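Single-structure report; data block below.
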Amino acid sequence: MKQRIDQIPTIWFIFSSLIGLFCLGIYVWGGIEGLAWEEVSELIPQSISLFPESNNTTQSSIFLVRQHYYVKLIAPVFWPIVVGAFLAIFGLTLLGQFLQSWAKVNWRQILLGILVWCGIIFWRNMELSPMEWFGFLHSPLIIISGIAVTWLCILSSSSLPSFMLEISHGPDKASSQRKFVGLLLFYLVNLILSMGNLWGYWTSTLYVPAFIILEISFALGMFRSLRLEDKSQQKLFAALFLLSHSILIPFLWNNNEVGIRAIESWGIMTHMAMTLLFPVFLWTNFKEPIQQNLAIYKVIHKAHFIPIYLIQIGVFILCVSWVFARQGTAWHQMVAAYYNEQGDAEHVGGGRMLEEMAYKNAMIHSKLNQKSNLSLARISQDAGDVEKQAYYLQTSQIKYPQEKNFVALANIYGNENQWFESLFTLKKAHQLFPESAQIATQLSRVYEQLKQLDSAAYFAVMAKELAPKTPITWANLLYFDVYHGSKIVQKNEIALWSTSSDRAVKSNLLALLWQKKQALPADYKQEALDFQLDVRDFAYIYNSSLYFKGQSTVYPIQTWINDPNWLQKFPEIAFLDAWQDFYHQQPLRALNKLDLLVQRENETKAQEYLLILHHWKQQLLEVKAKVQLENVSQARSAIQNYPFSVGILQQALPLLHQANKHQEAYQASLAAVQWNEEQAEFYPIFINEAFQQGEISYAEEAMARLKKLDPALYQTHATAFSVAKAKAVNRQKF
């Protein structure tokens, strides 16, 4: 048991170090941003010759993919808030143990007081839902955690100077003093550089960021506290550590940057004040050991003339004065961070009105903080209030401009058809972020909307040069070449991009080679992709089906048509269904589907489909299949592939009758006549089948039609028709 108790300090140090490393990892990563890039693809129809292999000049549309960027507003994540709440509860438990030990209060009295307090609170708020309870209790936890991080910064501010004192101890007094003074000066200069960058006095990269300094000091402070014999002091430091990180984790993950800046500002102040006062503390209390070059950190029996807690109180008073000498900036930032955190909690709870109020309260204390502005922009976007969304996006970029903010704002102007405002916004962004391929892509799109094609092509090329490995830039260049005839794509680039698996690139590349009547590169391959309800996927499916015809992959188009989302988003998929049927051994079914589309579409589209329909009919009539059929299976397959071949029908129909498939034989002859009313050669076949099925009236109508179309052919079969009619009449007598 004693061995386990002795291991507790080590376990605590490991646990606290892991929490600190986790926070440092989030800080380096940056947390979730309020804005995120999303690629947007548009289908642009391009007229092209469907049958370049023949003399037919029928034109139809294939689809190009034009791409740009959309900036999505990101909602806060809930789990860091929950993790922070658990750490806060754990920290409050340790803080309660410290207070009980310090005040010498009986545990029964403390528990009784807690139960009474909880009972009163629960009785007065019985109507609250679980999420409302969480929001109600979360508010005081943030306040307590904020106070905890304030004091933890002060208590740990001496840990780094103490650590420097330990590592600077040398064999003689002079070397020890030189090392300590050198380290302390280096530390102080780093603090000054970090403070200047934090407050915007200058820009430098030659410093360790304030947050990293704080986490190192917290870890060292925890390590030093665990070496104390007084267990209550250990509990106090552990409680403050847990409470502090209960707000650091959600602040960092949900990018509550105003809170992090407030904590960094306060930490820098406390560390600078302690760095200046720590030598005074050392000289006042350890003058004699210093002169004798003793290891001061090992001197534990000497009474302090000025205790460290008095120095810490002095640091607190000095830093509070410093905060309000700067118009209370850190204070207002911390209050704004508190309201931002409340807004995040309300968002998860579904309280949209309370969420908006919380973010607006944060802006009262820090109008330009990005977290509040982006959160309010997200709320305005959900409400469809474009003007407010644009206002909050503009406000968010006043102090800390980001390329995503500019693009989001430019997209709003573009959606409102204010393309010149969009252009001015993006030009300003391009001046601030000249290396941004996303901004260059957006500029290309805006110039295209303004009919400035030279500028649009220029920025499309620039985007490719800035991001040479990004497929969206390749697809846009190919689009420009096909749609505008810009000729900005090089031959070597076509060979390189042919290996790309990006569907937009493959679709546009196929369109370019089709338009220029060039052969496909050897590396271009049809891919059996897992297709989604996506513009790029559909463009690839559509273009490749039309280009490769019978050699195209067979897609599950019927399954997609049964999904109303596919048909609503891509109505052209109905034509693609007919096209695939025709070139994959279902020509008759394809004709029926396309005929329905002709009747349903508008005049322009119907005329286009009608030309395709006539081409298909003519193609089927021109086929002269020479096949020897031996069984019903072969007969069925032959009729399916060559429904308008007289020779096939003459061979196949008797085989169907032998297998008692009389109705199938009749339907095959009927389809041939219906689709070829002006072709006399199909009528004798149908007339015989109609008499055999007992459809005497239909057969007589067909005979009258044949007599007008080709009297000679009618006379040739007149005797056979009479015999067949007599048999049909006799069958009906029974």
For the stretch 544-561, pairs from a residue that is free of Cβ contacts under 8 Å to residues at least 40 places away in the same chain to a residue that is acidic (D, E) and part of a helix (DSSP H, G or I), with Cβ under 8 Å and 6 or more apart or across chains, are I557/D577; Q558/D577; I561/D577
Picking from A699, A635, A665, the residue that is within 20 Å of A726 (Cα to Cα) and of a type in the set (A, V, I, L, M) would be A699
Here the residues within the stretch 562-583 that are of a type outside the set (S, T, N, Q) and either at positive phi or open to solvent by less than 40 Å² (accessible area, probe 1.4 Å) (or both) are W566, F570, I573, A574, F575, L576, D577, A578, W579, D581, F582, Y583
Just wondering, is there one or more residues in the stretch 407-419 that are free of Cβ contacts under 8 Å to residues at least 60 places away in the same chain, more than 30 Å from G485 (Cβ to Cβ) and in a helix (DSSP H, G or I)? yes
Looking at A174, is it farther than 15 Å from S265 by Cα, of a type in the set (G, A, S) and at pLDDT 90 or above?
no
Among residues of the stretch 196-213 being open to solvent by 20 Å² or more (accessible area, probe 1.4 Å) and assigned to a helix (DSSP H, G or I), the residue farthest from A330 (Cα to Cα) is I212
Restrict the check to the stretch 249-258 and report whether at least one residue is in a helix (DSSP H, G or I), touching a residue at least 12 places away in the same chain (Cβ under 8 Å), open to solvent by 20 Å² or more (accessible area, probe 1.4 Å) and over 14 Å from S156 (Cβ atoms). yes
Note: among I192, I167, just one is over 19 Å from I260 (Cα atoms), surrounded by fewer than 17 Cβ atoms within 10 Å (Cβ to Cβ) and not aromatic (F, W, Y), namely I167
When the stretch 630-675 is checked residue by residue, the ones that are surrounded by fewer than 20 Cβ atoms within 10 Å (Cβ to Cβ), among the hydrophobic types (A, V, I, L, M, F, W, C) and not in a helix (DSSP H, G or I) are A659
Of the listed residues (A522, A511, A456, A460), the one being of a type in the set (G, A, S), over 30 Å from I612 (Cβ atoms), open to solvent by less than 10 Å² (accessible area, probe 1.4 Å) and more than 24 Å from the chain's Cα centre (by Cα) is A456
| said: Being in a helix (DSSP H, G or I), touching an Asp or Glu at 6+ places or on another chain (Cβ under 8 Å) and closer than 26 Å to N197 by Cα is the requirement here; does A358 meet it? | reply: no
Heads up, the helices (runs of 4 or more DSSP H) in the stretch 532-582 (entirely inside) with at least 1 residues that are touching a Lys or Arg at 6+ places or on another chain (Cβ under 8 Å) are 535-548
Going through the stretch 379-404 in order, the residues found to be under 18 Å from W37 (Cα atoms) and of a type in the set (K, R) are K404
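The values are calculated or read from the model by the stated rules, or taken from the named source; none is laboratory data. It should be emphasised that the depicted structure is a prediction, and the values quoted were computed from it without experimental measurement. In this analysis, Cβ positions are derived from the backbone assuming ideal geometry, glycine residues included, and neighbour counts consider all displayed protein chains. When the accessible area is computed, the model is the full protein with side chains, heavy atoms only, and any ligands, DNA or RNA have been set aside. Shrake-Rupley method; radii C 1.70, N 1.55, O 1.52, S 1.80 Å.
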